[in-house]
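The values are calculated or read from the model by the stated rules, or taken from the named source; none is laboratory data. Nothing here was measured: the structure is a model prediction, and the numbers come from that model. Glycine gets a Cβ as well: all are built from the backbone with ideal geometry, and neighbour counts include every protein chain shown.
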Amino acid sequence: MAQKVSKIKSATVGRAFNFANKSYNAFMKTPRFEYSRAVIQERINLFQGLQSPYGLKVRYAVKANPYPEIIRMMDSSGIHFDASSSYEAKELLSLGVVGEKISLSSQQTAHDLDELLKSGVLFVATSLKQLDTFTVSEFRPSTVAVRINPEVGYGHNKRTSTGGVNSSFGIWHEYIDEVLKKTNDAGVKIDRVHIHFGSGADPSVWGDVMDKSLLIMERFVDATILDIGGGYKVHRYAEEKEADMKEIMTMFSVKLEEFFARTGRKISLEIEPGTYFVAHAGTLVATIDDIVDTGKDGYTFLRLNTGMNDFLRSSLYGARHKIEVMNNSEVLKDYVVVGHNCESGDILTPMAGNPEEIETRKLREARIGDEVKIYDTGAYCASMRAKGYNSFPSAEEVMVD
Ligand SMILES: Cc1ncc(COP(=O)(O)O)c(C=O)c1O
(Lines give C-alpha, C1' and ligand atoms only; values in the text may rest on other atoms or scores of the structure.)
Protein backbone atom coordinates (compact mmCIF):
# COMPACT_ATOMS: atom_id res chain seq x y z
CA MET A 1 0.00 0.00 0.00
CA ALA A 2 1.36 3.42 -0.90
CA GLN A 3 2.17 5.54 2.10
CA LYS A 4 0.96 9.10 2.28
CA VAL A 5 3.63 11.61 3.15
CA SER A 6 2.47 14.02 5.80
CA LYS A 7 5.53 16.15 6.30
CA ILE A 8 8.39 16.80 3.95
CA LYS A 9 11.26 19.13 4.70
CA SER A 10 13.21 18.57 1.50
CA ALA A 11 13.39 21.36 -1.03
CA THR A 12 13.72 18.87 -3.89
CA VAL A 13 10.39 17.16 -3.51
CA GLY A 14 8.94 16.01 -6.81
CA ARG A 15 11.91 17.09 -8.87
CA ALA A 16 12.88 14.79 -11.77
CA PHE A 17 16.56 13.91 -11.95
CA ASN A 18 18.49 12.84 -15.00
CA PHE A 19 21.46 10.61 -14.40
CA ALA A 20 23.55 8.63 -16.89
CA ASN A 21 20.90 9.00 -19.62
CA LYS A 22 18.34 7.49 -17.34
CA SER A 23 15.45 9.55 -16.08
CA TYR A 24 13.87 8.66 -12.86
CA ASN A 25 11.50 10.51 -10.68
CA ALA A 26 13.00 11.29 -7.32
CA PHE A 27 9.65 11.84 -5.67
CA MET A 28 11.51 12.70 -2.56
CA LYS A 29 15.11 13.36 -1.81
CA THR A 30 17.26 10.52 -0.56
CA PRO A 31 18.63 9.60 1.85
CA ARG A 32 15.62 10.02 4.12
CA PHE A 33 14.18 8.29 7.14
CA GLU A 34 10.45 7.56 6.91
CA TYR A 35 8.67 6.93 10.19
CA SER A 36 5.30 5.21 10.13
CA ARG A 37 2.81 6.83 12.47
CA ALA A 38 0.61 3.71 12.28
CA VAL A 39 3.40 1.38 13.42
CA ILE A 40 4.30 3.65 16.33
CA GLN A 41 0.64 3.90 17.34
CA GLU A 42 0.34 0.11 17.26
CA ARG A 43 3.24 -0.16 19.69
CA ILE A 44 1.79 2.56 21.94
CA ASN A 45 -1.47 0.59 22.03
CA LEU A 46 0.40 -2.61 22.84
CA PHE A 47 2.22 -1.04 25.78
CA GLN A 48 -0.93 0.64 27.04
CA GLY A 49 -2.60 -2.78 27.13
CA LEU A 50 0.04 -4.27 29.46
CA GLN A 51 -0.52 -4.66 33.17
CA SER A 52 1.45 -5.37 36.30
CA PRO A 53 -0.22 -6.36 39.62
CA TYR A 54 0.84 -3.27 41.62
CA GLY A 55 0.96 -0.68 38.84
CA LEU A 56 2.89 -0.18 35.61
CA LYS A 57 4.41 2.96 34.14
CA VAL A 58 5.81 2.83 30.61
CA ARG A 59 8.59 5.25 29.77
CA TYR A 60 9.80 5.84 26.22
CA ALA A 61 13.62 5.81 26.06
CA VAL A 62 14.00 9.03 24.11
CA LYS A 63 17.52 8.33 22.92
CA ALA A 64 16.11 5.73 20.51
CA ASN A 65 14.52 8.50 18.48
CA PRO A 66 13.83 12.04 19.71
CA TYR A 67 12.00 13.14 16.54
CA PRO A 68 9.56 15.76 17.88
CA GLU A 69 6.45 14.25 16.30
CA ILE A 70 7.25 10.90 17.93
CA ILE A 71 7.66 12.61 21.31
CA ARG A 72 4.31 14.35 20.86
CA MET A 73 2.61 11.06 19.97
CA MET A 74 3.99 9.41 23.09
CA ASP A 75 3.17 12.38 25.30
CA SER A 76 -0.41 12.74 24.13
CA SER A 77 -0.93 8.99 24.65
CA GLY A 78 0.12 9.22 28.29
CA ILE A 79 3.52 7.57 27.89
CA HIS A 80 6.24 8.83 30.25
CA PHE A 81 9.90 9.35 29.34
CA ASP A 82 13.42 8.18 30.12
CA ALA A 83 16.02 10.85 29.31
CA SER A 84 19.69 9.95 28.99
CA SER A 85 21.17 13.37 29.47
CA SER A 86 20.20 16.68 30.98
CA TYR A 87 20.12 18.05 27.43
CA GLU A 88 17.63 15.40 26.37
CA ALA A 89 15.50 16.24 29.42
CA LYS A 90 15.60 19.94 28.49
CA GLU A 91 14.59 19.10 24.94
CA LEU A 92 11.57 17.21 26.28
CA LEU A 93 10.61 20.17 28.48
CA SER A 94 10.91 22.50 25.51
CA LEU A 95 8.51 20.24 23.59
CA GLY A 96 5.97 20.75 26.35
CA VAL A 97 6.44 17.52 28.31
CA VAL A 98 5.89 18.15 32.02
CA GLY A 99 8.87 17.49 34.28
CA GLU A 100 7.02 14.92 36.38
CA LYS A 101 6.81 12.63 33.33
CA ILE A 102 10.58 12.66 32.78
CA SER A 103 13.09 10.40 34.50
CA LEU A 104 16.70 11.50 34.03
CA SER A 105 19.29 8.71 34.09
CA SER A 106 22.48 10.10 32.62
CA GLN A 107 26.08 8.94 32.37
CA GLN A 108 27.24 12.55 32.66
CA THR A 109 26.47 14.80 35.61
CA ALA A 110 23.51 17.04 34.76
CA HIS A 111 24.67 20.50 33.62
CA ASP A 112 21.56 22.13 35.05
CA LEU A 113 20.34 19.82 37.80
CA ASP A 114 18.77 22.60 39.88
CA GLU A 115 16.70 23.79 36.96
CA LEU A 116 15.57 20.27 36.09
CA LEU A 117 14.64 19.45 39.69
CA LYS A 118 12.73 22.73 39.89
CA SER A 119 10.80 21.62 36.79
CA GLY A 120 9.82 18.39 38.54
CA VAL A 121 12.13 16.08 36.57
CA LEU A 122 12.76 12.83 38.46
CA PHE A 123 16.41 12.20 39.08
CA VAL A 124 18.21 8.86 38.94
CA ALA A 125 21.71 8.94 40.46
CA THR A 126 23.93 6.72 38.33
CA SER A 127 27.09 7.20 40.40
CA LEU A 128 28.07 8.10 43.96
CA LYS A 129 29.19 11.52 42.73
CA GLN A 130 25.78 12.14 41.15
CA LEU A 131 24.13 11.18 44.42
CA ASP A 132 26.25 13.80 46.22
CA THR A 133 25.33 16.39 43.58
CA PHE A 134 21.66 15.64 44.17
CA THR A 135 21.75 15.70 47.96
CA VAL A 136 23.28 19.20 48.06
CA SER A 137 20.80 20.75 45.62
CA GLU A 138 18.46 23.22 47.28
CA PHE A 139 15.70 22.08 44.92
CA ARG A 140 15.92 18.39 45.67
CA PRO A 141 12.80 16.54 46.69
CA SER A 142 12.96 14.16 49.67
CA THR A 143 13.14 11.05 47.48
CA VAL A 144 15.53 9.91 44.80
CA ALA A 145 16.15 6.97 42.49
CA VAL A 146 19.44 5.14 42.08
CA ARG A 147 20.67 3.12 39.12
CA ILE A 148 22.40 -0.07 40.19
CA ASN A 149 24.84 -2.07 38.10
CA PRO A 150 23.89 -5.69 38.77
CA GLU A 151 26.58 -8.34 38.63
CA VAL A 152 25.65 -9.34 35.06
CA GLY A 153 24.44 -7.71 31.87
CA TYR A 154 22.75 -8.98 28.73
CA GLY A 155 22.73 -7.61 25.21
CA HIS A 156 22.59 -8.47 21.53
CA ASN A 157 26.36 -8.49 21.92
CA LYS A 158 28.91 -7.14 24.43
CA ARG A 159 28.56 -3.64 22.99
CA THR A 160 24.96 -3.41 24.15
CA SER A 161 25.29 -5.03 27.57
CA THR A 162 25.17 -2.54 30.44
CA GLY A 163 25.74 -4.70 33.50
CA GLY A 164 28.67 -6.54 35.06
CA VAL A 165 32.27 -5.56 35.72
CA ASN A 166 32.87 -4.41 32.13
CA SER A 167 30.17 -1.78 32.33
CA SER A 168 30.46 1.75 33.71
CA PHE A 169 26.69 2.17 33.93
CA GLY A 170 25.07 2.59 37.32
CA ILE A 171 26.44 2.19 40.83
CA TRP A 172 28.20 -1.13 41.33
CA HIS A 173 25.98 -3.40 43.43
CA GLU A 174 28.63 -3.89 46.11
CA TYR A 175 28.36 -0.18 46.98
CA ILE A 176 24.72 -0.36 48.03
CA ASP A 177 25.65 0.05 51.73
CA GLU A 178 27.47 3.27 50.87
CA VAL A 179 24.46 4.49 48.88
CA LEU A 180 22.17 3.79 51.83
CA LYS A 181 24.51 5.57 54.26
CA LYS A 182 24.79 8.64 52.03
CA THR A 183 21.03 8.97 51.57
CA ASN A 184 20.34 8.25 55.22
CA ASP A 185 22.84 10.95 56.29
CA ALA A 186 21.22 13.42 53.89
CA GLY A 187 17.68 12.60 54.99
CA VAL A 188 16.74 11.36 51.54
CA LYS A 189 14.71 8.21 50.86
CA ILE A 190 15.30 5.96 47.88
CA ASP A 191 11.85 5.31 46.50
CA ARG A 192 12.82 3.92 43.09
CA VAL A 193 15.52 1.54 41.94
CA HIS A 194 16.62 1.64 38.33
CA ILE A 195 18.34 -1.22 36.55
CA HIS A 196 18.98 -1.66 32.83
CA PHE A 197 20.77 -4.90 31.98
CA GLY A 198 21.36 -4.08 28.32
CA SER A 199 19.68 -4.07 24.93
CA GLY A 200 18.59 -6.64 22.41
CA ALA A 201 19.38 -9.84 24.31
CA ASP A 202 17.52 -13.04 23.56
CA PRO A 203 14.07 -12.75 25.23
CA SER A 204 14.82 -15.83 27.39
CA VAL A 205 16.92 -13.66 29.76
CA TRP A 206 13.98 -11.74 31.26
CA GLY A 207 13.19 -14.24 34.04
CA ASP A 208 16.74 -13.98 35.30
CA VAL A 209 16.66 -10.18 34.93
CA MET A 210 13.59 -9.92 37.19
CA ASP A 211 15.02 -12.40 39.75
CA LYS A 212 18.26 -10.42 40.02
CA SER A 213 16.41 -7.10 40.14
CA LEU A 214 14.18 -8.26 42.99
CA LEU A 215 17.22 -9.42 44.96
CA ILE A 216 18.54 -5.87 44.64
CA MET A 217 15.13 -4.48 45.66
CA GLU A 218 15.41 -6.44 48.92
CA ARG A 219 18.30 -4.17 49.88
CA PHE A 220 16.23 -1.00 49.40
CA VAL A 221 13.49 -1.34 51.99
CA ASP A 222 11.90 2.07 51.28
CA ALA A 223 11.69 1.55 47.52
CA THR A 224 8.22 1.01 46.11
CA ILE A 225 9.11 1.26 42.43
CA LEU A 226 11.36 -0.92 40.30
CA ASP A 227 12.37 0.54 36.95
CA ILE A 228 13.66 -2.50 35.12
CA GLY A 229 14.85 -0.53 32.06
CA GLY A 230 14.44 -1.31 28.40
CA GLY A 231 16.19 -3.66 26.03
CA TYR A 232 13.26 -5.70 24.65
CA LYS A 233 14.42 -7.32 21.45
CA VAL A 234 12.89 -6.80 18.03
CA HIS A 235 13.35 -9.02 15.00
CA ARG A 236 15.29 -7.26 12.28
CA TYR A 237 16.93 -10.06 10.35
CA ALA A 238 17.20 -13.81 9.90
CA GLU A 239 17.18 -15.84 13.11
CA GLU A 240 16.56 -12.95 15.51
CA LYS A 241 13.69 -13.60 17.90
CA GLU A 242 11.36 -10.75 18.83
CA ALA A 243 10.39 -10.41 22.48
CA ASP A 244 6.74 -11.14 23.32
CA MET A 245 5.86 -8.29 25.69
CA LYS A 246 2.66 -9.92 26.95
CA GLU A 247 4.51 -13.11 27.82
CA ILE A 248 7.28 -11.15 29.57
CA MET A 249 4.79 -9.09 31.58
CA THR A 250 2.90 -12.21 32.66
CA MET A 251 6.15 -13.70 33.93
CA PHE A 252 7.11 -10.39 35.63
CA SER A 253 3.70 -10.32 37.34
CA VAL A 254 4.11 -13.81 38.78
CA LYS A 255 7.51 -12.89 40.19
CA LEU A 256 6.24 -9.60 41.65
CA GLU A 257 3.39 -11.45 43.35
CA GLU A 258 5.84 -14.01 44.74
CA PHE A 259 7.96 -11.12 46.03
CA PHE A 260 4.89 -9.66 47.77
CA ALA A 261 4.08 -13.05 49.33
CA ARG A 262 7.69 -13.33 50.57
CA THR A 263 8.31 -9.76 51.76
CA GLY A 264 4.90 -8.08 52.11
CA ARG A 265 6.04 -5.39 49.66
CA LYS A 266 3.98 -4.41 46.61
CA ILE A 267 6.38 -3.20 43.96
CA SER A 268 5.11 -0.98 41.20
CA LEU A 269 6.93 -1.57 37.90
CA GLU A 270 8.39 0.77 35.31
CA ILE A 271 9.74 -0.28 31.92
CA GLU A 272 11.72 1.86 29.49
CA PRO A 273 11.58 0.52 25.95
CA GLY A 274 13.14 2.52 23.15
CA THR A 275 13.80 0.03 20.37
CA TYR A 276 10.55 -1.87 20.85
CA PHE A 277 8.53 1.31 20.44
CA VAL A 278 10.06 2.66 17.25
CA ALA A 279 12.53 0.31 15.50
CA HIS A 280 9.99 -1.23 13.12
CA ALA A 281 8.48 2.17 12.33
CA GLY A 282 11.55 3.46 10.48
CA THR A 283 12.78 2.88 6.94
CA LEU A 284 15.92 4.50 5.59
CA VAL A 285 15.48 5.15 1.88
CA ALA A 286 18.72 5.66 -0.04
CA THR A 287 19.92 5.66 -3.65
CA ILE A 288 22.60 3.50 -5.23
CA ASP A 289 25.24 6.00 -6.18
CA ASP A 290 27.66 3.55 -7.76
CA ILE A 291 28.34 -0.14 -8.35
CA VAL A 292 31.93 -1.38 -8.20
CA ASP A 293 33.54 -4.80 -8.00
CA THR A 294 36.81 -6.45 -7.07
CA GLY A 295 37.13 -8.86 -9.99
CA LYS A 296 35.99 -12.42 -10.60
CA ASP A 297 37.14 -13.72 -7.22
CA GLY A 298 35.93 -10.67 -5.35
CA TYR A 299 32.65 -8.98 -4.59
CA THR A 300 30.18 -6.60 -6.18
CA PHE A 301 29.53 -3.58 -3.98
CA LEU A 302 26.49 -1.35 -3.98
CA ARG A 303 27.68 2.05 -2.87
CA LEU A 304 24.81 4.02 -1.36
CA ASN A 305 24.37 7.75 -0.90
CA THR A 306 24.14 7.12 2.84
CA GLY A 307 26.22 5.24 5.38
CA MET A 308 27.54 5.50 8.89
CA ASN A 309 26.85 9.26 9.02
CA ASP A 310 23.14 8.31 8.99
CA PHE A 311 23.14 4.68 10.00
CA LEU A 312 25.87 3.50 12.35
CA ARG A 313 24.36 0.33 13.79
CA SER A 314 25.94 -2.07 11.30
CA SER A 315 29.41 -0.54 11.65
CA LEU A 316 29.17 -0.14 15.41
CA TYR A 317 27.37 -3.30 16.47
CA GLY A 318 27.51 -5.53 13.40
CA ALA A 319 23.72 -5.17 13.32
CA ARG A 320 22.01 -6.77 10.34
CA HIS A 321 18.98 -5.10 8.81
CA LYS A 322 16.81 -6.26 5.94
CA ILE A 323 17.73 -4.41 2.73
CA GLU A 324 15.67 -4.28 -0.48
CA VAL A 325 16.53 -2.91 -3.93
CA MET A 326 13.42 -1.13 -5.19
CA ASN A 327 13.04 -2.30 -8.78
CA ASN A 328 11.08 -5.03 -10.54
CA SER A 329 13.96 -7.27 -11.52
CA GLU A 330 13.34 -10.98 -11.10
CA VAL A 331 17.06 -11.69 -11.16
CA LEU A 332 18.83 -11.98 -7.82
CA LYS A 333 22.52 -11.26 -7.40
CA ASP A 334 25.01 -11.32 -4.54
CA TYR A 335 26.00 -7.89 -3.29
CA VAL A 336 27.89 -6.32 -0.45
CA VAL A 337 26.17 -3.06 0.51
CA VAL A 338 28.42 -0.23 1.66
CA GLY A 339 28.08 3.38 2.73
CA HIS A 340 29.57 6.44 1.06
CA ASN A 341 31.95 7.39 3.86
CA CYS A 342 35.68 7.20 3.44
CA GLU A 343 35.91 4.42 5.97
CA SER A 344 36.39 0.70 5.32
CA GLY A 345 34.14 -0.05 8.28
CA ASP A 346 31.18 1.67 6.60
CA ILE A 347 29.50 -1.65 5.79
CA LEU A 348 25.75 -2.27 5.79
CA THR A 349 26.04 -6.04 5.36
CA PRO A 350 28.41 -7.24 8.08
CA MET A 351 28.85 -10.95 8.69
CA ALA A 352 26.64 -12.53 11.34
CA GLY A 353 28.45 -12.48 14.68
CA ASN A 354 31.61 -11.01 13.14
CA PRO A 355 31.30 -7.33 12.21
CA GLU A 356 34.93 -7.28 11.02
CA GLU A 357 33.93 -9.34 8.00
CA ILE A 358 31.56 -8.61 5.13
CA GLU A 359 28.68 -10.77 4.01
CA THR A 360 26.93 -10.89 0.65
CA ARG A 361 23.17 -10.47 0.34
CA LYS A 362 21.01 -11.84 -2.44
CA LEU A 363 19.25 -8.73 -3.71
CA ARG A 364 17.39 -7.82 -6.91
CA GLU A 365 19.81 -7.05 -9.73
CA ALA A 366 20.59 -3.40 -9.13
CA ARG A 367 21.34 -0.42 -11.31
CA ILE A 368 22.90 2.88 -10.41
CA GLY A 369 20.08 5.22 -9.40
CA ASP A 370 17.84 2.50 -7.95
CA GLU A 371 16.42 3.20 -4.55
CA VAL A 372 17.26 0.92 -1.66
CA LYS A 373 15.28 0.51 1.53
CA ILE A 374 16.92 -0.38 4.82
CA TYR A 375 14.22 -1.56 7.18
CA ASP A 376 13.68 -1.34 10.94
CA THR A 377 15.75 1.82 11.21
CA GLY A 378 13.46 3.76 13.56
CA ALA A 379 15.65 3.28 16.65
CA TYR A 380 19.26 4.37 17.23
CA CYS A 381 19.75 5.38 13.59
CA ALA A 382 18.97 9.07 13.03
CA SER A 383 19.64 9.63 16.74
CA MET A 384 23.01 7.85 16.75
CA ARG A 385 24.71 8.67 13.49
CA ALA A 386 28.33 9.72 12.88
CA LYS A 387 26.87 13.12 12.09
CA GLY A 388 28.94 15.37 9.87
CA TYR A 389 31.53 12.75 8.96
CA ASN A 390 33.06 13.56 5.57
CA SER A 391 30.80 16.64 5.69
CA PHE A 392 27.92 14.63 4.23
CA PRO A 393 24.56 16.22 5.02
CA SER A 394 22.34 14.18 7.32
CA ALA A 395 19.42 12.19 5.96
CA GLU A 396 16.18 14.01 6.60
CA GLU A 397 13.35 12.56 8.65
CA VAL A 398 9.69 12.51 7.65
CA MET A 399 6.58 11.06 9.22
CA VAL A 400 4.26 9.00 7.02
CA ASP A 401 0.81 7.66 7.88
C1 LIG B 1 18.77 3.18 30.96
C2 LIG B 1 18.20 2.74 29.69
N3 LIG B 1 16.87 2.58 29.58
C4 LIG B 1 16.29 2.18 28.42
C5 LIG B 1 17.05 1.94 27.31
C6 LIG B 1 16.36 1.54 26.05
O7 LIG B 1 16.81 0.33 25.55
P8 LIG B 1 16.13 -0.27 24.27
O9 LIG B 1 16.11 0.76 23.24
O10 LIG B 1 16.99 -1.44 23.91
O11 LIG B 1 14.75 -0.69 24.66
C12 LIG B 1 18.46 2.08 27.37
C13 LIG B 1 19.30 1.82 26.20
O14 LIG B 1 20.46 1.99 26.15
C15 LIG B 1 19.03 2.48 28.60
O16 LIG B 1 20.35 2.65 28.71
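For the reader, a short list of remarks on this structure follows.
- Residue satisfying all of: in the range 109-134; farther than 13 Å from A89 by Cα and of a type outside the set (V, I, T); surrounded by the most Cβ atoms within 10 Å (Cβ to Cβ) among these: A125
- Where strands (runs of 3 or more DSSP E) sit wholly within the range 344-401, those with at least 2 residues that are among the aliphatic types (A, V, I, L, M) and more than 16 Å from the ligand (Cβ to nearest atom) occupy 371-375, 396-400.
- Hits in the range 118-135 (condition: over 16 Å from D191 (Cα atoms) and either assigned to a helix (DSSP H, G or I) or out of contact with any helix residue (DSSP H, G or I) (no Cβ under 8 Å at 6 or more places or on another chain) (or both)): K118, S127, L128, K129, Q130, D132, T133
- Only listed residue being assigned by TED's automatic domain parsing to the domain that holds A83, in a helix (DSSP H, G or I) and touching a residue at least 40 places away in the same chain (Cβ under 8 Å), chosen from D177, D211: D211
- Residue within the range 289-302 that is within 13 Å of the ligand (Cβ to nearest atom) and either crowded, with 22+ Cβ neighbours inside 10 Å or not aliphatic (A, V, I, L, M) (or both) present: no
- Take the conditions (1) more than 19 Å from Y60 (Cβ to Cβ); (2) within 16 Å of the ligand (Cβ to nearest atom); (3) touching a Lys or Arg at 6+ places or on another chain (Cβ under 8 Å); A243 misses just one of them, which is (1).
- Positions within the range 208-219 being farther than 13 Å from I271 by Cα and modelled with pLDDT under 95, in sequence order: D208
Residue by residue, here is whether (1) in the same structural domain as K233 (by TED's automatic domain parsing); (2) without any contact (Cβ under 8 Å) to a residue 24 or more places away in the chain; (3) over 27 Å from M245 (Cα atoms) holds:
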| site | (1), (2), (3) |
| --- | --- |
| D290 | no, no, yes |
| D293 | no, yes, yes |
| D297 | no, yes, yes |
| T300 | no, no, yes |
| D310 | no, no, yes |
| H321 | no, no, no |
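- Among the residues making up the range 72-100, those that are within 15 Å of the ligand (Cβ to nearest atom) and outside any loop (DSSP other than H, G, I, E, B) are M74, H80, F81, D82, A83, S86, E88, A89, L92.
- The sole residue among I40, I44 that is under 21 Å from the mean Cα position of the chain (by Cα), more than 16 Å from E272 (Cβ to Cβ) and within 16 Å of the ligand (Cβ to nearest atom) is I40.
- Just one of the listed residues (V152, V124) is in contact with a Leu (Cβ under 7 Å, 6 or more places away or on another chain) and either touching a residue at least 40 places away in the same chain (Cβ under 8 Å) or acidic (D, E) (or both), namely V124.
Listed here are the residues, each with its yes/no results for (1) surrounded by fewer than 18 Cβ atoms within 10 Å (Cβ to Cβ); (2) within 13 Å of the ligand (Cβ to nearest atom).
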{"site": "Y232", "(1), (2)": "no, yes"}
{"site": "I248", "(1), (2)": "no, yes"}
{"site": "F259", "(1), (2)": "no, no"}
{"site": "T263", "(1), (2)": "yes, no"}
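- Residues in the range 189-225 that are hydrophobic (A, V, I, L, M, F, W, C), more than 16 Å from the ligand (Cβ to nearest atom) and touching a Leu at 6+ places or on another chain (Cβ under 8 Å): I190, L214, M217, F220.
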